[in-house]
Amino acid sequence: MKIRTKLPLFIAIMMCLYLLGLLAMMAILTATSFQQTENMIALEDLNRALNAVDRETENLRSIALDYAKWDDTWAFSQGTYPQYTETNFLPETCGNLKLGFVAIFSADGTCLFSGHASAAGLFEADGEVLPSLQETPGLMRVASAGERFLSGDSGVILCQSSPITRNDGKGKAAGFLVVGRFFDDYFLRKLSVQTGVNIEFFAAGSAEVPGAGDFGPAGQFLEVSNSGTAMHAFQAFNVKGAGPAFYIRTSTDRAITRKGTEISISISIVSLCFTIVLAALSWFAFSRWLNQPLALMESILKQIDLDDSTSIAGKPFSGLEKRSDEIGRVSSALSAMHSRLGYAYAQIRKSNETLELQVAARTASLSAANHNLELYRRILENASEGFLVADLDGTITEVNDAQCTMAGFSRDELIGHNPRLMKSDRHDSAFYAAMWAAINTQGNWSGEVWNRRRSGEVYPKWLSITTIFDESNKPEKYVGVSTDISIIKQGEENLHQLAFYDPLTGLPNRTLFANRLEHTIVCAKRDAEIIGLLFLDLDHFKNINDTMGHAAGDDLLIKASARIKAMVREMDTVSRIGGDEFTIILDKLKCGADSGRIAEKIIDSLAEKFEIHGTDVYIGASIGIALFPKDGGDSETLLKRADMAMYYAKESGRGRWSPA
């Protein structure tokens, strides 16, 4: 077989083998990658479902804590407020809170009240939904041990509990309050809507649940659905004291595998077609580029006139001349040509070697220099920092695009002018004198400078100026490199606002309040002055949140803070330290009685009507007052005394103030 046939055939075979290996490797890698990706997505969907259950648990815990730490709940547990359940567990209240049931136990475990949700709201348990609560210790166990799940005749229940105490938290617990929601289809649909994940519930022993040995240490298991179109993720839950476990399952569509398989098949078909076409083109190219030129070269070489074949001794192509293929014939012709031209080439080579070395060295040097210049030019043009070159007189000779963008001037508007064109007048002559003194003595300067854009906007930037010296070490140019730091400055201002001010009302937060109180006390000690600290808590604010929603509560807080601030002097500090609690620092009081008069003004102002979302709302305020130095000589003592006085005002009937 001729070499002109062997070579194209060998290349075609190697291309086919390469294609088969590439397709096999792609199939293995994609299958593994798709499986890992689908498992990760399925676990993420399962974690979203678990996080939704945790959020529901936290919501129940907040409701239980809110109702349990209430004087009215305490009074009901003591038998002094029998109408408590009728007035507080109304249909609209329970609908807003989305409660499934409520149970109240005395300290000895007696069920004082139990109710569940229905179309009419909460009512006394009739023995169908929560059977025999008085005889079944399940809910009492949740209340005393703080369990999360309960399993009974009504199914699995998600519940939370809290001991019943007074508002101030003093005294022993009078019992327990348990709230919960049923782990039913409605609850699962709600979780599915919240998370965007299809969530299902299975009881222990269900045929849909894998065996206990399949679950990992975290109680999780992944499997492909019977149809192969979805990935199922299971999570096992053990209910304490209630026997077997229950499970939730999320379903994740296997779109990646389907699409990946389709893509792999498409790539395989395209690659096969490409290989066939490439092999045909290779065969045609070898015939066109190799066979025909060889035949032509053979014909031309045989026509060369060999006048002096003995001028060069030896036959360097004698080994190849014995071959019977095209290479052998070409070698015979080249051997004859070598005999004629070898000597001439040797002479020419000797005379050109020195010149070629010199030209090569010079070319390499020029190429390296040109490459460096081109590299420096591209760096200057594409740098994100602004570059400006000026002569010793301060005239701009070169700028890059970043400098033009930063300053808002075009290249033609800057070149030929002095950088004073961008001066903002925020720096005095002493600043520039110090800057040029550093440049002239040290050769460089860097610092923050405020410049003015072409639009008139003033902005900060970090500027570095360096002196460029010539070969005799004399100053030749000045190069300025600048970076716009407006975003950094804005970020610093935002961080300061978040650290010291309440984002809802704009009032100082607890941190800034503590700093100002400390400073005010130091000044009062120095000048022997009286200061007053008012601790204010809004009355009935919780009812607004429960009945009208948190958006209405936030609107009420904003309007209440504005009224409080309007009742004090500009020099006084009003702070929101959390929830519906505010503090007011009254500086430089003439006498302690002034604080009481200001407190009464604030209480009267807050007792007036508020219009919230088109509804007239009435609230009140209870205020505790502590005076410096009468009630304490430091901020911690004053705050504590004012807080205690506020609670005394609430216990005395609300809507009033009380001294420490």
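The values are calculated or read from the model by the stated rules, or taken from the named source; none is laboratory data. Everything numeric here is computed off the predicted structure, so don't read it as measured data. Every residue, glycine among them, receives a Cβ derived from its backbone with ideal geometry; neighbour counts consider all protein chains shown. Accessible surface is based on the protein model in full, side chains and every heavy atom, while ligands, DNA and RNA are left aside. Shrake-Rupley method; radii C 1.70, N 1.55, O 1.52, S 1.80 Å.
Of the residues that make up segment 440-463, is at least one open to solvent by less than 50 Å² (accessible area, probe 1.4 Å), in contact with a Phe, Trp or Tyr (Cβ under 7 Å, 6 or more places away or on another chain), without any contact (Cβ under 8 Å) to a residue 40 or more places away in the chain and in a helix (DSSP H, G or I)?
No.
Specify the residue that is nearest to residue 442 (Cα to Cα); the eligible residues are those in segment 471-503 that are without any contact (Cβ under 8 Å) to a residue 12 or more places away in the chain and open to solvent by less than 60 Å² (accessible area, probe 1.4 Å).
Ranking the qualifying residues of segment 471-503, first place goes to 491.
What number of residues in segment 384-396 are closer than 17 Å to residue 453 by Cβ and either open to solvent by less than 30 Å² (accessible area, probe 1.4 Å) or at pLDDT 90 or above (or both)?
Counting residues in segment 384-396 that are closer than 17 Å to residue 453 by Cβ and either open to solvent by less than 30 Å² (accessible area, probe 1.4 Å) or at pLDDT 90 or above (or both) gives 3.
In contact with a strand residue (DSSP E or B) (Cβ under 7 Å, 6 or more places away or on another chain), without any contact (Cβ under 8 Å) to a residue 60 or more places away in the chain and in a helix (DSSP H, G or I), is that true of residue 561?
When the stated conditions are applied, residue 561 passes them.
Need pairs with beta-carbon distance below 7 Å; first residue farther than 20 Å from residue 167 by Cβ and within segment 616-629, second open to solvent by 10 Å² or more (accessible area, probe 1.4 Å) and part of a strand (DSSP E or B); sequence gap 6+ or separate chains.
Short answer, once both residue conditions are applied: 627/530; 628/530.
Can you tell me which residue within segment 397-406, out of those that are within 19 Å of residue 460 (Cα to Cα) and out of contact with any Phe, Trp or Tyr (no Cβ under 9 Å at 6 or more places or on another chain), is least open to solvent (accessible area, probe 1.4 Å)?
Ranking the candidates gives 404 first.
Step by step: first the residues of segment 537-567, then only those that are under 24 Å from residue 520 (Cβ atoms), out of contact with any Asp or Glu (no Cβ under 6 Å at 6 or more places or on another chain) and not β-branched (Val, Ile, Thr), then the one that is surrounded by the fewest Cβ atoms within 10 Å (Cβ to Cβ). Which residue is that?
Top of the filtered list is 566.
Out of the residues in segment 153-179 that are charged (D, E, K, R) and in contact (Cβ under 8 Å) with a residue 12 or more places away in the chain, which is farthest from residue 115 (Cα to Cα)?
168
For segment 204-235, give me each residue that is under 18 Å from residue 39 (Cβ atoms) and not in a loop (DSSP other than H, G, I, E, B).
Of everything in segment 204-235, those that are under 18 Å from residue 39 (Cβ atoms) and not in a loop (DSSP other than H, G, I, E, B) turn out to be 214, 220, 221, 222, 223, 224, 230, 231, 232, 233, 234, 235.
Would you check which residues across segment 411-446 are touching a helix residue (DSSP H, G or I) at 6+ places or on another chain (Cβ under 7 Å) and modelled with pLDDT of 90 or more and list them?
Across segment 411-446, the qualifying residue is only 445.
Is one or more of the residues making up segment 182-203 assigned to a loop (DSSP other than H, G, I, E, B), farther than 16 Å from residue 49 by Cβ, open to solvent by 50 Å² or more (accessible area, probe 1.4 Å) and of a type outside the set (Asp, Glu)?
yes
Looking at this structure, is residue 552 at pLDDT 95 or above, part of a helix (DSSP H, G or I) and of a type outside the set (Val, Ile, Thr)?
Considered against the rule, which asks whether it is at pLDDT 95 or above, part of a helix (DSSP H, G or I) and of a type outside the set (Val, Ile, Thr), residue 552 comes out as no.
Might you let me know whether segment 77-93 holds any residue that is of a type in the set (Gly, Ala, Ser), under 17 Å from residue 161 (Cα atoms), crowded, with 16+ Cβ neighbours inside 10 Å and at pLDDT below 85?
No, segment 77-93 has no match at all.
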